[in-house]
Amino acid sequence: MKFKWFALTAFIIVTILSLTATAHAQSGDAAQGATLFAQNCAVCHGDHGQGRIGATLAKDFPGIRVDVLLQATISNGVQGTVMPAWSKSKGGPLTDPEIDDIVAFIRSLGNIAPPLPPVTGLPTSKPILPSPVATFPPGDATRGAQIFNANCVVCHGPNGEGRTGATLQKDWAGINVTTLLDTTIARGVAGSKMPAWAQSNGGPLTNQDIADAAAYVLTLKKATLVTPTPVAPTSDTAGVIALICVGLILVIGIIVLILGLAIARARK
């Protein structure tokens, strides 16, 4: 009998917690969430959730507690993928109410059936694969600033100071830093939150876009403290110092002379 009461009590508690969590996840403001989505999510998922370098969100999510699933995914990120944790409790920049607003906006994008792929015949020849070694043109830092603002500031911050991504505002060490940046932006970093941005790797950027962004990143160096240069004494100051030194020497000489005369007289 006691076990039945315990089981019934546990069931009621779990049900209440589930309903509370669901109500919390459904309490977001979709209009406010649209603004937050544009500022933080659209760069990866597209401005209408159609997918870019991130997953497609404009779809009908299967499941019973979809709001809770989305809230947990945004808050904690997805380990092993490029999806970072956005909750402040996990080191991200968003509060729980802001995440709830984004969830409400994402849910408003649902119930859109994905289009069926066109039926095509079997390919008669092998597809042409992109060259594994990409070549990048010279970068334009001015245009790169626009590319950076449109694609990189969400993770790396407006000045490369770091947000959910690495700090780029630093002095880069290496023999060919430009090639390193080009390749990193193009291919991403395996096992990290840095995705591949090159079109040849499924991303949205051309090789020129990547080269321009890399050129701009190289301008994001920390401001160094300027050590003030000691001011050399002017000719007037040097002359005064010289006169003082000569005067001290003369005074010392006179004192020595007086002492010598006094000692000589005492001996007589």
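The values are calculated or read from the model by the stated rules, or taken from the named source; none is laboratory data. All values derive from a computational prediction rather than experimental measurement. Using ideal geometry, Cβ is built from the backbone for each residue, glycine included, and neighbour counts are taken over all protein chains shown.
Out of Leu8, Leu36, Leu17, report the one residue that is assigned to a helix (DSSP H, G or I) and either charged (D, E, K, R) or modelled with pLDDT of 85 or more (or both).
Within the list Leu8, Leu36, Leu17, the selection yields Leu36.
Here's a check for you: in the range 189-202, which residue that is in a loop (DSSP other than H, G, I, E, B) and modelled with pLDDT under 90 is farthest from Ala214 (Cα to Cα)?
Gly191
Given the criterion under 22 Å from Gln199 (Cβ atoms) and either touching a helix residue (DSSP H, G or I) at 6+ places or on another chain (Cβ under 7 Å) or assigned to a helix (DSSP H, G or I) (or both), identify the matching residue among Val103, Val43, Val68.
Answer to the check: Val43.
What single numbered condition from (1) at pLDDT 85 or above; (2) surrounded by fewer than 17 Cβ atoms within 10 Å (Cβ to Cβ) fails to hold for Gly46?
Gly46 satisfies every listed condition except (2).
Just to verify a result, which residue in the range 71-80, among those that are touching a residue at least 12 places away in the same chain (Cβ under 8 Å) and assigned to a loop (DSSP other than H, G, I, E, B), is nearest to His45 (Cα to Cα)?
Here the residue is Gly77.
Is it the case, given these coordinates, that Gln32 is more than 19 Å from Val82 (Cβ to Cβ), among the polar types (S, T, N, Q), buried (at least 19 other Cβ atoms within 10 Å of the Cβ) and in contact with an Asp or Glu (Cβ under 7 Å, 6 or more places away or on another chain)?
So Gln32 fails the test.
Return the total of residues in the range 136-188 being over 15 Å from Lys221 (Cα atoms), under 11 Å from the mean Cα position of the chain (by Cα) and part of a loop (DSSP other than H, G, I, E, B).
4
Which of the residues that make up the range 149-172 are more than 19 Å from His45 (Cβ to Cβ) and buried (at least 20 other Cβ atoms within 10 Å of the Cβ)?
Gly160, Leu168
Scanning the range 50-64 for residues that are over 17 Å from Gly202 (Cα atoms) and among the small types (Gly, Ala, Ser), which turns out farthest from the chain's Cα centre (by Cα)?
Gly63
So is Ile112 farther than 24 Å from Leu205 by Cα, modelled with pLDDT of 85 or more and surrounded by 13 or more Cβ atoms within 10 Å (Cβ to Cβ) or not?
Taking the combined requirement at face value, the residue does not satisfy it.
Quick check: anything in the range 190-204 of a type in the set (D, E, K, R), surrounded by 14 or more Cβ atoms within 10 Å (Cβ to Cβ) and within 17 Å of Ala145 (Cα to Cα)?
For the range 190-204, residues of a type in the set (D, E, K, R), surrounded by 14 or more Cβ atoms within 10 Å (Cβ to Cβ) and within 17 Å of Ala145 (Cα to Cα): absent.
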